[in-house]
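Below: one structure, written as C-alpha cells.
FYI, it's all coordinate maths here, none of it is from the lab. Since the model is a prediction, treat every value here as computed from it, not as a measurement. Here the Cβ is made from the backbone with ideal geometry for all residues, glycine too, and neighbour counts use every protein chain on show.
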Amino acid sequence: MKLRAPFRTAVVALIWAWMLLFVFLPNLLVIVASFLVRDDVHFVRPEASLESYARLLDPVYAGVFLDSLGMAVTTTLVCLLIGYPFAYAVSRLPARVKPLLIFLVILPFWTNSLVRTYAMKLLLATNGLTNQALLGLGIVDAPLRMLYTEGAVIAGLVYVLLPFMILPLYAVFEQLREDLLEVSSDLGAERWRTFRYVVLPLTMPGVLAGCLLVLIPAVGMFYVADVLGGARHLLIGNVIKNQFLDARDWPFGAAASILLTLAMALLLYAYYLSARMVRRRSADDALA
Amino acid sequence: MRWLKHGYLGLVYLLLYLPIAVLVVFSFNASRNPYRWQGLSLEWYARLWDNDALIQAAANSLLLATTAATLSTLIGTLTAIALHRYRFRGKRLLNGMLFVVMMSPDIVLAISLLVLFILLGVKLGYLSLLLAHVTFCLPFVVVTVYARLSGFNAQIIEAARDLGASEWQMLRTVLVPIIFPAVMAGWLLGFTLSLDDVVVSIFVTGPTFEVLPLRIYSMVRLGVKPEVNALATVLLMLSLLALLASQYFLARK
Amino acid sequence: MAPTRTDAEAAWRVATPEQTILQLQGISKSFDDKRVVCPLDLDVRHGEFLTLLGPSGCGKTTLLRLIGGFERPDGGTILLAGRDITRLPPNQRPVNTVFQSYALFPHMSVFDNVAYGLRAERRPRAEVESRVREVLNMVQLEELAGRRPDQLSGGQQQRVAIARAVIKKPRLLLLDEPLSALDYKLRKQMQIELKRIQRELGITFLFVTHDQEEALSMSDRVVVMREGHVEQIGTPRDVYENPSNLFVARFVGEINVFDAEVAEVLGDGRLVGQIEGRRITLPARNGGFAVGDALHVLLRPEDLRLLPPEREEGFSGEVVERNYKGMTLESVIRLESGLQLLASEFFDEDDPDFDYRLGERIKVTWVPNWEILLPRETARAV
C-alpha cells in the first residue's frame, strides 16, 4: 500500500486544508465575533458581551425573523405544489424529450438570478405588463398594487428557486419504476391508493431534499426582497447584510447569522428524523 | 388526461420563461419606458456597447465562473476519489463539513468568508471571489462525481489492479475516463452556480474586480435600466450558442 | 471417524510439496467482527482445476479475494510457489482474476481490454499485438476485436474477461462464479470451453461456485465450504459418494436421510441397522460403530428402487408427487412413518414397472452396499 500513499496523502491534505481554512476557521471567527463588541475602526473589540444576542430579542428583529421564515415556508410549499406534478409529468414522457425539457428548467440559471428577479419586477410593476393585461381584459378597473408586497417577494423567491425543487423531484421520479405502479394497479389499488402507498413514500426523499434546497436559500436572498419588496418586506438575509455592509455592526450581524444557522440546523435535524422515519415506515410497509 | 398533463407542463414553462421573454422583447424597445412598447430599436444595445463598466463586469463574471468551476472540479474530483477509494481518519467529519457547506444558507457562508478575508488581510477582489466560489461549488462537484463513482462496478477498478496496473496507472487509464462525464457535469454545475450567485459575490467582491451581480444590483435597485435587458439577452444568446456548439461536438464524437 | 481418502491425500501432499503452487496457512478474515474465513489451510496443486463450493456467505469469494490481493487477511500466510505474497498489492501478484461481473472496461475496445495487462507492464507494441491476437483467437473472438463491451452478448463478454485474465500467463487463475450470469445452455458450453482453455494453457484454475453440478462436472478436486470452514476436500466422486458429513452430503446433491441404530455388528464387520422398524444389513465401515450407536443412512435418489406393493422387501409408501425431468422421472414417496423420500429413475417408456400413478402404494428398496453411513448429527442441523 506504500505505493499509493503519496497521492492519497496529498489529496487528503489538500481537501482538509481547504475545508479547515475556508469553512471551519471562518465559521469559528463568526462565532467568536458574535460574542464581542462592535468597534468603528477594527470592526470588533475583544471584549466579551452578550449584547448582540440580547438585541435579537427586540420585537422588530423577532418580527423580521418570523416574517422571513413564514415567507420562506410559503415559498417552499408553493414550489412543491408546482414542482411535484411537473416533475412527475416530465418523468413519464418519452426518453428522447426528457433531457431537453430538464435542460430548459436549468437554462434560466445562466442568466444571473438577480437579472431574473429584475425581470419579475418588470412584470409586477404598477404599470407593468400584468396590470396592463388585466386592465386590457377588463378584469380590474384600477391597476393592482403588486410590487413591494409580501406576495411579490414570495413570487420572486418561487421564480428563482423553483428549479431547485424540480431537479431532486425529477431524480426520484426517474428512479420510480413504472412496473411498481403497474403492480399496484394490477393488485386492484385505485389511483389514490397507488399514490398514497406507493408513489408518495418512494418520492419522499426527493420531496425532503427539494424542500431543503428551497427553504434554506430562501431566508437569505436579500436581493429579491430589495428589488421586489422595497424597504418594508425584509428577509433575515437583509438584516445580516445590512449589519455587515451598511451598519458595520459585525457582532450583531454574526449573532443574527448564528441564530439563522441554528434554525436551519433544527430543520436539518427534523429532516434527518423524518427521513429516518420514512425509511423505517417503508421498511415496515414492505414487511407488512 | 394527456392534454391536461401537457397543458400543465406548458403552463409551468410559460411561468419560467415569461419574465425572460419580456426581458428579451423589451431590450428591443425604442422607449425608455420599460412598460410600453414603442417600436423596434437597437438603442439599448448601443448603450450597452458604450457601457464599459457593465461589459467589463460581465467579462469578469465569465472569467470567475470559468476558473472557479475548473478549480472546484479539480479539487472536488480528487476529493470524491479519495472519499470513495481510501479509508482515512476524519472521513466522516469531512463528509459532514461538505454537507454543512452545501446546506448552509449562502449568506452565512458569505459573511464568514468576508470576516476571514478581512482578518487575514486578503485584498477583496478576484482572489477572494475565486476562493469563495470554489468553496461553495466544491460540495456539489464532490456529490456529482461521488455518485458516479459509487454507481459503477467497483470490480472494474480491481480488474485493472489485478492486471498489473499501479494505482496511478489505474486512475489514469480506467477511473478518470469512466467518471469523465460526471466530471464534466460537475464542472457545468459549478459554472452555473458561480454565474448565478449573487449573495456571496456581493460580500467578497472589491473595487478592483467588479462582477455582474454587483453592477446590476446598483443599477436595478433604484429604477429600471433597459441596458440590463440588452445584456441579459446577449448572455442568454451566448449560453444558447455554447449549448448548441457542445451538442454539435458531442454528436460528432 | 474412519480414515477416508481425504486423509490419505493429506499424507500425499506432505510427501510432495514441490507439486504445490499455492499454500494458505492459517488464513483468517473478519468484516466488522463477523468471521468470514476462520483460520484455514489449503494447498492448491500445480495444474489442477480446484473448485471452492459452498452456499452464499460461506467465505469462498472472500477467500478468492484474499488470494487475489483485494483483501488483507487478519492472520496467516499466503505462499505462491513458495514465495510469501500475503502483503503484496494485487498488481504485483502473478495471479489474475475473472470477475463474476466480468468487470470489462466499458470505455475500451475488446482489443484494448485484452491488451491492458501487457500495456500496464509496458511491453513492446509488436508483442502486445501478437499476444492479443493469439489469445483472442483462442477464445474465438478475433473478429470482434474492435467492438466495445456493451456491443457484445453475455457469452462474448465472458470470453473477453477470460482472454484478458490469461494473457499474462498467470501462475494461478482465479474465477469468481464466472458463469453465473449466463443462461443454462451457454453455461454448459462455457464449462467445456473453460476446461479446454485450462488444458491448452496448463494454468492452475481456482474456481468459485455455489452450483454443485458445475463443481462436480468441471473440477479435479472440490473444496466444500461452510461458514468460513472447509468441510471436505476431495475429488468430485469422493465428495459425492463419500461425504464426510450431512452438510456436504446434502449440498453436493439431493439425498435421502434415514435415522438408524446399530442393532448388531456381524463377524465380518458388517452391521445390522434398525431402520424404520426393519432390520437391514449395512456394509462394513472400518473402525466404526458399536451396538446402540445412532447413525444416518444416506441414499442418493438414483440409488432408490420402486417396486410393486405386493413385493416382500422394502418399505411401503405412497407416491405423492411425480415430476417428469426429461431424462429422468422423479417421485416423492411418503413412507408410513411420514418420512418423505425422493427417487429418481431413468425414463423408459417401455418399462411397465415405471408407471406409478399419484396415490399408488408401492415398496421402496435400494441397491445393497450403496448406502452412506454417518454418525448421527444433532447440533449442526442443516
Over the whole of A:78-88, what's the average partner chain Cβ count within 10 Å per residue? Rounded to a whole number, please. 2
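Just tell me how shielded B:78-90 is by partners: mean number of partner chain Cβ atoms within 10 Å of each residue's Cβ, no decimals.
4
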Please sort through the DSSP H helices of chain B and keep those with an alpha-carbon extent of at least 24 Å along the long axis and a Kyte-Doolittle average not below -0.5. B:2-26, B:52-85, B:126-151, B:176-196, B:226-252
For helix C:125-138, what angle does its Cα long axis make with the longest principal axis of chain C, in degrees from 0 to 90 and rounded to 10? 20
Nearest 10 degrees, 0 to 90: what angle lies between the long axis of helix C:184-201 and the longest principal axis of chain C (Cα atoms)? 60
Segment A:43-105 and segment B:191-229: distance between their alpha carbon centers, rounded to Å: 21
How many angstrom lie between the Cα centre of segment B:61-76 and the Cα centre of segment B:16-57? 30
What does the charge dipole of segment A:65-287 about its Cα centre add up to, to the nearest 20 debye, if the Cβ of each Lys and Arg holds +1 and the Cβ of each Asp and Glu holds -1? 180
For residues of B:194-206, the mean tally of beta carbons on other chains within 10 Å: 4
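Beyond 27 Å between alpha-carbons counts as too far, so tell me which of A:K121/A:K241; C:K60/C:K188; A:K241/B:K123; C:K34/C:K169 fall in that bin.
Values: A:K121/A:K241 22 Å; C:K60/C:K188 22 Å; A:K241/B:K123 20 Å; C:K34/C:K169 35 Å.
Beyond 27 Å between Cα atoms: C:K34/C:K169.
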Find how many whole Å separate the alpha carbon centroid of segment A:240-256 from the alpha carbon centroid of segment C:172-199. 71
Burial-style ranking of A:130-139, A:110-119, C:241-250, average other-beta-carbon count within 10 Å with highest first, yields A:110-119, C:241-250, A:130-139
Candidates C:R147, C:R221, C:R65: whichever shows maximal mean-square fluctuation once chain C is modelled as a Gaussian network with Cα springs under 10 Å: C:R147
Formal net charge of residues neighbouring A:D246 (Cβ-Cβ distance under 15 Å; K, R +1; D, E -1): +1
Going by average Cβ density within 10 Å per residue, which order do the peptides A:232-240, A:16-24 take, highest to lowest? A:232-240, A:16-24
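For chain B, what Kirkwood radius comes out of the mean inverse Cα-Cα distance, in Å?
On the way: mean 1/r = 0.0472 Å⁻¹.
About 21.2 Å for chain B.
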Under 18 Å from the 7 Å Cα→Cβ point of C:R133, by amide nitrogen: which residues of segment C:76-118? C:110-116, C:118
